[in-house]
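Enquirer: Before I ask anything, let me first share the structure, which is written out below as structure tokens.
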Amino acid sequence: MPRRRLHVTGAAEAPLRAALTALRTTLDVPADFPADVVAEAERAARDPRLPSHDATGIEFFTIDPPTSTDLDQAMHLERRPGGGYRVHYAIADVAAFVTPGGALDAEAHRRVTTLYFPDEKTPLHPVLLSEGAASLLPDQTRPALLWQIDLDADGATTATDVRRALVRSRAKLDYEGVQKQLDTGTAPASLALLRDIGTLREQQEVARGGISLNVPEQEIVEHDHRYDLTYRAPLPADGWNAQISLLTGIAGAQLMLAYGTGILRTLPSAPDGAVARLRRSAAALHIDWPHHVPYAAVVRSLDPREPNHAAFLQECTTLLRGAGYTAFTGHAVPELAIHAAVAAPYTHCTAPLRRLVDRYAGELCLAAVAGQDPPDWVTAALEELPKEMAQGTSRANTVERECVDIVEAALLKDRVGEVFDATVVDVKEQQPAVGTVHLADPAVVARIEGGDEPLPLGERLRVRLTQADPGSAKVLFAPA
């Protein structure tokens, strides 16, 4: 999981652009798609492999950021006549456009995942597919993997099915608009159930010991012709929408495990040292964490709109390190088959426009439901796919980390020498005058050094900005 997501709401200055361009070069980020890949994508857009089942009568809707056009998922929610709920979840069918072994397929394996920079993104597939012919845009008939998941009155899964189908989304919604409709009672019946089902799935998550981090999004906003960093706290609708995706990922993993062949997203439990460090951060940020209270319960009690809670949620992402992908065949279930944060077997299968593995996971789930062998191109790739995903995910995480550092440095470069209010959130045990400070305004987390006295862990401190260089992505503070 990335530290935080970045959105640029205005054009940043030249040093920021130059630093981001240099980062893309350093990380060998792919630029334009080769001509043969574009040509194949154009042919596929004109003539995709379409399924025979027609589900265009289901009134799907999508929920995404307002500017997003690479729409992987669309949903429709309803009550079942005998009680409980039915979730229809349509996932873009990328395999309808990508020919195994072709130029488009090879390029996707080279890119692995869409990379997001503050100023632009580097897509996994050509835009004419990812934001056009394959995207679940409103009022367009599209091939999709159609999941049908039945839930009981408590939100527990009772039945799962997935098949290829033609679907047609009716509306492109965004999180703030959805939240407003739910809060004012103006949401149509299907959308109104998002709150009910999402809340039940959150309760299911609590019962199995899982946890979702409502990590605030870092945003760059303009004030009086200058740029500042702030946090956007996730809305409840963000979490309810995420629960539908988690529901599908859990259902997909269960299908694979019963089938005997699959690829799981796994995460080991956090080591004791990591939890102990997080407890120190909690104390530093004045987060009440009694020893008898589980970590998950503490996180669920936090309000991401509170600056110290937001900072702690950022620190919590350190417990999610070590996630990976594990493939298996012949019913040889791997020793680690659980995702510790989900607290259940889990697979990535809901974002194939943006993540390579999801196309393969979708095919394995289809084969499991049909009781058939998966396509040869799927089984042939399973051994190498976890390594490819590890490399691609590592690069995506590096991009995210470096972008945060570059943006912070670029937006602070003219403020070197200024004094800020900060909180000391971490102190090095062997170097007590070196540590980390969190600024609430602007929303920056950075290194502090250069003082003569040990840093006061958990205390407020006046700090002076001594370095902010977007070229080296360095932000450094010293005690004022």
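The values are calculated or read from the model by the stated rules, or taken from the named source; none is laboratory data. Not measured: the values here are computed from a predicted model. Here the Cβ is made from the backbone with ideal geometry for all residues, glycine too, and neighbour counts use every protein chain on show. With ligands, DNA and RNA removed, areas are computed over all heavy atoms of the protein, side chains included. Shrake-Rupley method; radii C 1.70, N 1.55, O 1.52, S 1.80 Å.
Enquirer: Taking the residues in the range 374-418 that are of a type in the set (Val, Ile, Thr) and within 25 Å of Ala19 (Cα to Cα) as candidates, determine which candidate is most open to solvent (accessible area, probe 1.4 Å).
Expert: Val416
Enquirer: Restricting the search to the range 440-474, which residues are hydrophobic (A, V, I, L, M, F, W, C) and over 22 Å from Gln430 (Cα atoms)? Before the answer, list the steps.
Expert: Initially, the range 440-474 is screened for residues hydrophobic (A, V, I, L, M, F, W, C), giving 440, 443-446, 448, 455, 457, 461, 463, 465, 468, 473.
Within the range 440-474, Ala440, Ala443, Val444, Leu465, Ala468, Ala473 meet the criteria.
Enquirer: Return the only residue of Ala270, Ala187 being modelled with pLDDT under 85 and assigned to a loop (DSSP other than H, G, I, E, B).
Expert: Answer to the check: Ala270.
Enquirer: For the range 459-472, how many residues meet the condition of being surrounded by 20 or more Cβ atoms within 10 Å (Cβ to Cβ) and outside any strand (DSSP E or B)?
Expert: Here the count works out to 1.
Enquirer: Please work out which residue is nearest to the chain's Cα centre (by Cα), limiting yourself to the range 172-207 and to residues that are closer than 17 Å to Val87 by Cβ and among the small types (Gly, Ala, Ser).
Expert: Going through the qualifying residues, I end up with Gly198.
Enquirer: So Leu455 fits all but one of (1) assigned to a loop (DSSP other than H, G, I, E, B); (2) in contact with a Lys or Arg (Cβ under 7 Å, 6 or more places away or on another chain); (3) of a type in the set (A, V, I, L, M, F, W, C); what number is the exception?
Expert: (2)
Enquirer: Here's something else I'd like to know. Against the definition (modelled with pLDDT of 95 or more, open to solvent by 10 Å² or more (accessible area, probe 1.4 Å) and in contact with a Phe, Trp or Tyr (Cβ under 6 Å, 6 or more places away or on another chain)), how does Pro123 come out, yes or no?
Expert: For Pro123, the condition - modelled with pLDDT of 95 or more, open to solvent by 10 Å² or more (accessible area, probe 1.4 Å) and in contact with a Phe, Trp or Tyr (Cβ under 6 Å, 6 or more places away or on another chain) - is not met.
Enquirer: A further question follows. Could you tell me whether Ala171 is farther than 26 Å from Val369 by Cβ, of a type outside the set (Phe, Trp, Tyr) and in a strand (DSSP E or B)? Lay out the reasoning, then the answer.
Expert: Numbers: farther than 26 Å from Val369 by Cβ: yes; of a type outside the set (Phe, Trp, Tyr): yes; in a strand (DSSP E or B): yes.
In short, yes.
Enquirer: Out of the residues in the range 16-32 meeting the condition of being open to solvent by 50 Å² or more (accessible area, probe 1.4 Å) and not aliphatic (A, V, I, L, M), tell me which one is modelled with the lowest pLDDT.
Expert: Here the residue is Arg17.
Enquirer: Considering the range 105-125 alone, what residues qualify as being within 16 Å of the chain's Cα centre (by Cα) and in a loop (DSSP other than H, G, I, E, B)?
Expert: Residues satisfying the conditions are Val112, Thr114, Phe117, Pro118, Pro123, Leu124.
Enquirer: Pairs, please: C-beta under 6 Å, at least 6 apart or cross-chain, first residue within 20 Å of Gly262 (Cα to Cα) and in the range 382-406, second part of a helix (DSSP H, G or I) and modelled with pLDDT of 95 or more?
Expert: Close Cβ pairs satisfying both conditions: Met389/Val357.
Enquirer: Among the candidates Pro66, Pro48, which residue alone is surrounded by 15 or more Cβ atoms within 10 Å (Cβ to Cβ) and assigned to a loop (DSSP other than H, G, I, E, B)?
Expert: The match here is Pro48.
Enquirer: Further, regarding this structure: So Thr99 ticks every box in (1) open to solvent by 10 Å² or more (accessible area, probe 1.4 Å); (2) closer than 24 Å to Ala368 by Cα; (3) in a strand (DSSP E or B) but one. Which box is left unticked?
Expert: All conditions pass for Thr99, except number (3).
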